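Let me begin by presenting the structure, written as structure tokens, before commenting on it.
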Amino acid sequence: MHELTTRDYRSGWRLVCGMAEAASDAVAFARHGAQELPRLVPSEITTLSVCDLARNTRSVVGLPEGAISSADRACFDRHFDAHPLVRYHADTPRGGTHRISDSLPPAQFRESALYNEYYRRIGIDHVVAVPLLVDRGLLVSFVLNRKQRDFSERDCALLDLVREPLAALYRNLLIRKKDRGFAALPITPREREVLSWLAAGKTDRDIGEILGMSPRTVQKHLQHIYEKLGVETRTAAVVRAMELGGAR
């Protein structure tokens, strides 16, 4: 582990405090993080990446805007399962900041279809991910991308320094967004209660005990929620509910 200086700690503290003041919601959090993290650890492209591990897709908010086109995103999705960072953090939920080079030697990475069909086309050679949330099939990370020079041990130590405070801030924003957004969804009040506890990570049995209904009744409510939101899985329902709530 690289030893950080007092100046490094002060820089990390300023970043976290600035994020807490500027991030009024999850989108503002993503944009401000994409703007400020490169001042702590330089990168050419910085994004907040939200990966749905059940559907093998992701959505991104990042800077510079337009650096990753819709065609690029579709290309990324084709190689989703093979992505070293997605695989690492999905298999290691408590893992910290991780570089592609921590999983694959650079020469091997450059021989991969992922590099040649995606990273080469966007002009990126090195990637590091800072996980904020790995839960219920959802992987949320800040991702920093660079040309030519890989991220150093010091870079990773700096990112790990701010990772937990940023993760806590992000989780708090999601809770606030959920509480506001779920109220606007085209579902009944009872279905809203079920969805809220689902988003909190509760099982069907847990939800039934909390709401005083059988697991079978919970499953019926979930089926109605899936139909109304146009999804097929629990994770997709939570993601879709947050998307719809945030769009209002």
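The values are calculated or read from the model by the stated rules, or taken from the named source; none is laboratory data. Every value quoted in this text rests on a predicted model; they were computed, and no experiment measured them. Here the Cβ positions follow ideal geometry from the backbone for every residue, glycine too, while neighbour counts run over all protein chains shown. The protein model used for the area step is the full one, side chains on, heavy atoms only, and it has no ligands, DNA or RNA in it. Shrake-Rupley method; radii C 1.70, N 1.55, O 1.52, S 1.80 Å.
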Legend entry - Carbon and sulfur %, accessible surface of the chain computed with the full protein complex present, 1.4 Å: 49 percent
Legend entry - FRET efficiency, Glu117 to Asp91 (Cβ-Cβ, R0 22 Å, nearest 0.05): 0.40
Legend entry - Backbone HN-Hα couplings from phi across the range 72-83 [Karplus 6.51/-1.76/1.60, Hz, Gly and Pro as x]: 4, 5, 5, 5, 4, 4, 5, 10, 3, 4, 8, 5
Inset, instruction - Mind grabbing the accessible area of Thr233 for me, 1.4 Å probe, Å², rounded to tens? - result: 50 Å²
Legend entry - For the range 1-148, Kirkwood radius (reciprocal of mean inverse C-alpha pair distance, Å): 15.9 Å
Inset, instruction - Measure off 7 Å from each Cα along the Cα-to-Cβ vector at Ala71 and Asp135, then give the distance between these two points in nanometres to one decimal. - result: 3.8 nm
Legend entry - Cα-projected label distance for Cys17 with Leu211, points at 7 Å along beta-carbon direction, nm: 4.4 nm
Inset, instruction - May I ask you to rank Arg146, Arg7 by accessible area, largest first, using a 1.4 Å probe over the protein chains only? - result: Arg7, Arg146
Legend entry - Pairwise Lys count, the chain - Cα closer than 21 Å, eight or more residues apart or different chains: 7
Legend entry - Calculated FRET efficiency for the pair Thr188/Arg55, C-beta based, R₀ 30 Å, to 0.05: 0.70
Legend entry - Convex hull projection area averaged over all views, the chain, Cα basis, nm²: 13.8 nm²
Legend entry - Residue-normalised accessible area of the range 62-138, expressed per residue, 1.4 Å probe, Å²: 48 Å²
Legend entry - Cβ-defined net charge surrounding Asp102, 14 Å radius [Lys, Arg +1; Asp, Glu -1]: -3
Legend entry - Pairs of Cα atoms farther than 16 Å apart, the range 1-52, %: 48 percent
